[in-house]
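Worksheet: the structure to be examined is printed underneath.
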Amino acid sequence: MTAIAPRSGTASLTRLLLVATVLFGTVFTALSGTASAHAALTGSTPADGAVVATAPQDITLTFSEQVAMGDDSIRVLDPDSKRVDAAKIRDLSDGATVRYAVGLRSGLSDGTYTVAWRAVSADSHPVSGAFTFSIGAPSKTAAPVPTEQAGGGLVGALYDIARYVSYAGFVLLAGGAAFVLGCWRRGASVRPLQRLVVQGWLALTGGTLVLLLLRNPYTNSGKLGDAFDLAGLQDVLTTKTGAALVSRLLLLGAAALFVAVLFGAYAKREESQDESERKEAGDLTLGLALGGTVVAAGIAGTWALAEHASTGLQPALAMPVDVLHLLAVAAWLGGLTALLVSLYRAPSIEAAAVRRFSRVAFISVVVLAVTGLYQSWRQVGSWSALWNTSYGQLLLVKVALVALLVGIAWFSRRLTGRLGEPSAKAEDGAAEDEGRETGAGKETGPETTATTAATTTATVVTDSDRATQLARQEAALASARQKRMRDADPGRTGLRRSVLAEAGVAVVLLAVTTGLTGTEPGRTAEREAAGAADGGTAAVANQGPLDVRLPFDTGGPNGKGTIRLTLDPATSGPNVMKVLTDGPDGKPLDTPEVRVAFTLTAKKIGPLPIVPERAAPGRWTADPVLLPMPGDWRLQVTVRTSDIDQTTVEKNVKIG
């Protein structure tokens, strides 16, 4: 059987690959930033920026999808930054709406209040935000609005790194074991392959433990010290993500037993010269293959049960598809890493094993293509989301990397087909080296006799030094012989280089895949963008001057009416604004005060306050109104009908 000799003198490829994956995951995390939110706040009572006449009994928040909240997830702060929320959070959700409420203390004074909230989306990613409202009238001071995003900072970076390490560990563990059982059974006794699989198990176990400890600060406080808060850890264990992580740890216990059998009893039987033991090894192969597949599928299922596949469209189908996708990734990329380690660090590897892996990789690519196509349709939803959302853009990068990896793999497959026996010249050189080595070990003559006589009076240390020197010479000769055999077949050298290139692309691909799991799906992002553009109603199209009609009710006498606002030409730059307030009878309603504000949320511009001048009863003008850029702006109009009765109404408008 053809054997491919290793490249001697190469540093430990296993350790190098693990270090490279961790370093790349760190850089990728730093560059990608905080994962995008997967649920959004779609409404609140009172609304953001609203001014109410009397203190409300509750603060109500409405979300775009199901979220999980703890007792401290909604905080309400008065102008002096003191908490005024008095009761536990209540879940008011029904079949159509996701809504939560928290009660307020009685006797609240006038001023501006800040509402800060934090929750966890159904796919396990944290979301947070804040807004303000005023009682009576806005105050000069207000509690600062939190600017940090959930899942950010040092804790967020460490959490993302742990996620990447966990994925990498699973790929090495499952893919390395599959390579041994399916492609090269004799590899079970090869030390470098054993270290690769064991290090994959250690990486996955360590990453899972870190995720479990960081889950509480990641979704709540953001403080690294809370990782060892036992009460917080107990709360995590009651969540879907906590249960998935604990299940993964239990499955890793079974995986440890599998690895022990694979590299213990199985490896001994496979290497045995006894025919009966080799037959037992063949029977054990089927058992290990079935058991390993079940354990690997279970570990992959812990991701499917807690992340994107568990929510959204068709979760009952999406979760098993996600498991298949992860198993195919592990078989391809993990097997590729095992092949690379075998080519560089194992004493030799049969060409037949390389060809078997080539077939396994082909099947894995087909499975990846089918499952990836379904996942893309489910998560992206439209062609425009491929270009306009972060998820779609990352998916395009992933597709490009997969295409590059397939291209290199095709080249490697061609090299595999041309693998042959070492040349006669190489074999002659190897025999010559062996002859010289043998001759060197059998030198005789007067000098040898003199040396022998001298050694009878030499110390034990001298004998030890001589033995060490001879061992070095033998190792050097063996290395030269292996190098001669390797260099005699260009196909082997090319295969090593192409597989190394595949592994490098695979490291980047794994990082992009990890980023995708932490990015808001394109379908959800587009839905939220459409909802933001609507603001509950369709945004007004900009076709010349803007004309908006907004009903209002301040709650006091003569407090009902309609606001008519025109903006000409409704483009970026200077505009002329007119505001008319009409009563229920359509006649001008004289109001003491009208204020207007524009906010471009997408660019974090505003609110830009505008105080129009009173031109006549119920008629107000402002010239010029400067808007810095086009976009979907949020228009807010505050109307005061008495000393204490006022309200704020809003609508999204299109500025060209």
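The values are calculated or read from the model by the stated rules, or taken from the named source; none is laboratory data. Computed from a prediction, not measured in an experiment: that's the story for all the values here. Please note: Cβ atoms are built from the backbone with ideal geometry, for glycine as well, and neighbour counts cover all protein chains shown. The protein model used for the area step is the full one, side chains on, heavy atoms only, and it has no ligands, DNA or RNA in it. Shrake-Rupley method; radii C 1.70, N 1.55, O 1.52, S 1.80 Å.
For the reader, a short list of remarks on this structure follows.
- Note on the range 110-132: among residues that are open to solvent by less than 10 Å² (accessible area, probe 1.4 Å) and in contact with a Pro (Cβ under 8 Å, 6 or more places away or on another chain), the one that is farthest from TYR100 (Cα to Cα) is GLY111.
- Checking VAL354, VAL323, VAL380 one by one, the residue that is without any contact (Cβ under 8 Å) to a residue 40 or more places away in the chain, open to solvent by less than 30 Å² (accessible area, probe 1.4 Å) and β-branched (Val, Ile, Thr) is VAL323 and no other.
- Restricting attention to the range 383-410, the residues that are within 16 Å of the chain's Cα centre (by Cα) and either open to solvent by 30 Å² or more (accessible area, probe 1.4 Å) or not small (Gly, Ala, Ser) (or both) add up to 9.
- Within the range 605-622, being open to solvent by 60 Å² or more (accessible area, probe 1.4 Å), assigned to a strand (DSSP E or B) and either among the hydrophobic types (A, V, I, L, M, F, W, C) or under 15 Å from LEU546 (Cβ atoms) (or both) holds for one residue alone: ALA615.
- When residues of the range 563-591 are limited to those that are among the polar types (S, T, N, Q) and within 18 Å of ALA615 (Cβ to Cβ), the one surrounded by the fewest Cβ atoms within 10 Å (Cβ to Cβ): THR566
- Being farther than 30 Å from ALA328 by Cβ, open to solvent by less than 40 Å² (accessible area, probe 1.4 Å) and within 25 Å of the chain's Cα centre (by Cα) is a condition met by no residue of the range 176-187.
This table checks each residue for (1) among the small types (Gly, Ala, Ser); (2) at pLDDT 75 or above.
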| site | (1), (2) |
| --- | --- |
| VAL19 | no, no |
| LEU23 | no, no |
| ALA35 | yes, no |
| LEU41 | no, yes |
| ALA47 | yes, yes |
| VAL51 | no, yes |
| THR54 | no, yes |
| LEU61 | no, yes |
| ALA68 | yes, yes |
